[in-house]
Amino acid sequence: MSLFQATISYKGETRNIEVSTSTTAGELFEKVKHLFYLKNEHHTVKLLYKGKMLRADDASIVFAQMPPKPPKLIVMASSQNAVQEVQTKRSDPTIRGFDHSNATKVIDTRTVWGTGQDIQYKFVKFEVCTWQSFGVRATAEEQPHPFAARQLLEQLATDPGVVAVMRERKLVVNTLGEMDPIDDRLMQKKQEHGACLLGYNTNHGLAIHIRLRTMDLKGFMPYTQLVTTLIHELSHNWVGEHDLLFWGNFAQMRVEYLHTHARLAAHGYISKGKSTAVIAGVSVECQNGMAGIADAAMKELAGEMPQYGLSPLPLGPAIIDRCRQLTEQFENLEQGRKLGGSDQRKDARRAALEAAEKRVKDSTQKRDKR
Ligand code: NI
């Protein structure tokens with residue numbers, strides 16, 4: 001067993017505590033509550049490590065081996081009153097989740113999607129650049145207002161495809177922020193890694209910053225590009241380098257994102273007169289079910305990976321697998337709901353998926369011949 005220091009942050013205050021390779025999640029909760037005087041009966045305490053929520057009743061070990069640097073943990077505590085408020089909101093039908101996918105009209109007018117973030121797995125706060133931060137580079141009348149930037153961050157956070165990814169991986173990101181196109185940290189990163197010019201991820205998902213504006217500051221980047229950047233940065237929660245593992249993780253999240261929009265479109269889900277797939281700009285990708293989604297994910301990888309000296313072909317099978325899992329998962333759900341009647345559609349989807357598999361296989365074989 002090795003002893004080492006961990007840093008714990010709570011409301012801007014950072015303290016060190018001693019932990020070891022045998023400290024459990026439950027023990028960490030006790031230490032943290034003691035350290036910051038958080039009492040069970042007054043507070044609901046959440047503890048984040050590497051962008052993931054630890055559980056107070058978890059007896060498993062948090063640090064299997066001594067990390068090279070002191071690990072950083074974040075405490076989020078809410079008073080019981082605030083928790084009660086959230087719980088009342090949970091039963092509010094205006095923010096019910098997508099499990100009720102027969103809905104065909106707007107149920108929450110506060111977002112462009114008609115729905116909000118998950119209550120638990122979400123981006124906690126938003127940060128935008130102020131006009132002052134751009135200095136003399138642009139004039140106020142030419143550039144979008146910081147308010148519009150904030151709306152765009154909220155649109156990203158509440159995008160049903162992003163919400164699905166956050167839920168699936170139980171992610172909590174403390175800050176989703178706007179990055180200045182001419183950011184010092186960005187320039188430094190460019191020099192170090194030669195890539196990732198559209199966003200950065202701080203401390204495994206504690207904060208994610210996205211470059212919203214074009215270089216001349218006169219407008220925003222296309223929405224589909226922003227979502228792809230956000231998912232790219234989320235993939236850095238687990239993998240720092242742009243290796244095969246990173247892209248595999250990224251591709252799975254892209255598949256989940258597109259699948260969510262395809263599913264909502266298939267259920268005729270409409271917000272502000274449009275399907276959410278149209279709002280997200282992915283209606284073409286979502287047209288041909290899983291085959292179309294697998295193709296779209298492969299194409300994206302083919303556009304991104306070569307600059308890192310990698311080929312997307314080894315990831316083809318994993319993409320198909322994830323598509324198949326999602327298809328089965330939601331077919332089971334639907335069958336449970338309807339008890340039959342969807343056989344024909346299921347066959348069509350299966351055929352489409354097989355066609356996609358064959359295409360990936362063919363392209364692999366072609367490559368092997370070279
Ligand atoms: Ni990157």
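Looking at 195, 140, just one residue is part of a loop (DSSP other than H, G, I, E, B), at pLDDT below 95 and within 16 Å of the ligand (Cβ to nearest atom), and that residue is 195.
When residue 227 is evaluated against the numbered criteria (1) within 12 Å of the ligand (Cβ to nearest atom); (2) of a type in the set (A, V, I, L, M, F, W, C); (3) within 13 Å of the chain's Cα centre (by Cα), which criterion, by number, is the only one it fails? Tallying (1) within 12 Å of the ligand (Cβ to nearest atom); (2) of a type in the set (A, V, I, L, M, F, W, C); (3) within 13 Å of the chain's Cα centre (by Cα), residue 227 fails exactly one: (1).
Of all residues in segment 15-73, those being basic (Lys, Arg) and assigned to a loop (DSSP other than H, G, I, E, B) number 4. Taking the criterion of being free of Cβ contacts under 8 Å to residues at least 40 places away in the same chain and within 13 Å of the ligand (Cβ to nearest atom), the only residue of segment 210-224 that qualifies is 211. Take the conditions (1) within 16 Å of the ligand (Cβ to nearest atom); (2) more than 17 Å from residue 322 (Cβ to Cβ); (3) in a helix (DSSP H, G or I); residue 265 misses just one of them, which is (1).
The values are calculated or read from the model by the stated rules, or taken from the named source; none is laboratory data. Every value quoted in this text rests on a predicted model; they were computed, and no experiment measured them. Reconstructed Cβ throughout: ideal geometry from the backbone, glycine too, with neighbour counts over all protein chains shown.
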